[in-house]
């Protein structure tokens with residue numbers, strides 16, 4: 001059985017400057033992720049799809065580096081880690097949540113800053129952890 005058949009939420013970094021989102025981000029049951037800067041601006045993906053894309057902080061993220069150090073890195077893989085964490089938070093609050101419902105909640109509660117994307121291009125939706133949790137009924141105070 002596959003992860004999808006076991007009801008496991010799958011999050012994947014999407015290729016941002018490529019004609020395709022890459023594997024496994026291109027699969028319908030995977031949550032594809034692109035990076036956003038601190039102001040919420042995203043790179044407009046070049047690939048064509050009807051699927052919305054989740055954006056999360058992924059520019060100049062402080063992370064560990066070789067030699068017991070730290071460095072600022074950027075990319076969709078760092079953003080995907082953020083989305084995975086929010087998905088885990090939703091699943092902790094509501095353990096029986098199906099993967100497609102997690103994806104739906106993230107899309108419905110996120111914010112979009114892009115208004116003039118090319119036709120057929122994915123529409124990046126900036127993740128909003130607080131509003132996603134509130135959508136499940138959590139007593140949280142979102143700004």
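Rule-based calculations on the coordinates, nothing more; no lab input. All of these numbers come straight from a predicted model, not from anything done at the bench. Cβ placement follows ideal geometry from the backbone for every residue including glycine, while neighbour counts extend to all protein chains displayed.
From helices alone, the chain scores -8000 deg cm²/dmol at 222 nm; the rule is -39500 (n - 2.57) for each run of n ≥ 4 DSSP H residues, then divide by the residue total.
Taking every DSSP beta bridge with both residues inside the stretch 10-132, roughly what % is antiparallel (nearest 5)? Around 40 percent antiparallel, to the nearest 5.
Here the calculated FRET efficiency for residue 108 and residue 71, from their Cβ-Cβ distance with R0 = 41 Å, stands at 0.75, rounded to the nearest 0.05. Projecting label points 7 angstrom from Cα along Cα→Cβ for residue 135 and residue 3 puts them 2.1 nm apart. With contacts taken as Cα pairs under 8 Å and at least 6 residues apart, the chain reaches a relative contact order of 24 percent. Given a Förster radius of 35 Å and the C-beta distance between residue 23 and residue 89 as r, what FRET efficiency does 1/(1 + (r/R0)^6) yield to the nearest 0.05? The value I calculate is 0.85. Taking 61, 127, 31 in turn, the Gaussian network model of the chain (Cα-Cα springs below 10 Å) assigns the largest fluctuation to 61. Classify the chain as rounded, prolate or oblate from the Cα gyration tensor: take a ≥ b ≥ c as the square roots of its eigenvalues, call it rounded if a/c is under 1.5, otherwise prolate when a/b beats b/c and oblate if not. Note, shape of the chain comes out rounded.
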